[in-house]
Amino acid sequence: QVQLVESGGESVQAGASLKLSCKASGRVFINYTVGWFRQAPGKDREFVSFENWIGVRKYADSVRGRFTVSRDNAENTVFLQMNRLKPEDTAVYYCAAVLTAWSIEAGEYDYWGQGTQVTVSS
């Protein structure tokens with residue numbers, strides 16, 4: 001079992017930066033892909049980014065060039081640095097983990113955090 005806890009969500013102005021954290025406990029994180037997803041009110045959960053266990057990273061077109069995913073395996077933590085935030089980035093952000101696989105599909109992930117709210121005002 002892997003338990004995930006997100007943190008770092010805040011209410012900010014457009015153009016600001018935030019860094020989200022996803023702390024894992026339970027099993028060692030090192031062989032997991034960790035993905036970030038977000039869900040805005042009234043919308044489906046959508047893929048944001050992932051970094052797999054060998055360092056391959058992928059981003060949604062809407063965030064590429066603004067968001068950066070990284071991980072600290074020693075601390076069992078994955079980060080999402082979000083720059084130049086836009087009002088359309090407003091959502092609950094979730095991290096998720098899957099063992100030795102990677103995907104942009106939420107259904108492929110086995111473990112989820114509770115989410116952290118990011119609100120960007122114009």
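The values are calculated or read from the model by the stated rules, or taken from the named source; none is laboratory data. A quick note: this is a predicted structure, and the numbers were derived from the prediction, not measured. Surface accessibility is based on the protein's heavy atoms, side chains included, excluding ligands, DNA and RNA. Shrake-Rupley method; radii C 1.70, N 1.55, O 1.52, S 1.80 Å.
Would you kindly find the accessible area of D44, with a 1.4 Å probe and non-protein molecules such as ligands, DNA and RNA excluded, rounding to the nearest 10 Å²?
D44 has an accessible surface of roughly 130 Å² with all protein chains in place.
So if I restrict to the alpha-carbon atoms in the stretch 4-76, what is the Rg, and what is Dmax, the biggest pairwise distance, in Å?
So, for the stretch 4-76, Rg and Dmax equal 13.2, 37 Å respectively.
Determine the relative contact order of the chain: mean sequence separation of Cα pairs under 8 Å and six or more apart, normalised by residue count, in whole percent.
The normalised contact order for the chain reaches 37 percent.
Cα-Cα pairs above 26 Å in the chain: how many percent?
That fraction is 13 percent.
Can you tell me the convex hull volume per residue for the stretch 58-122, based on C-alpha atoms, in Å³ to the nearest whole number?
107
Give me the aspartates and glutamates in straight-line cross-link reach of K43: C-alpha distance below 13 Å, same-chain residues under 8 apart excluded.
Cross-link targets: E88, D89.
What's the extension gain from K43 to I104 if we count 0.36 nm per residue and subtract their Cα-Cα distance?
Here the segment from K43 to I104 would lengthen by 20.3 nm.
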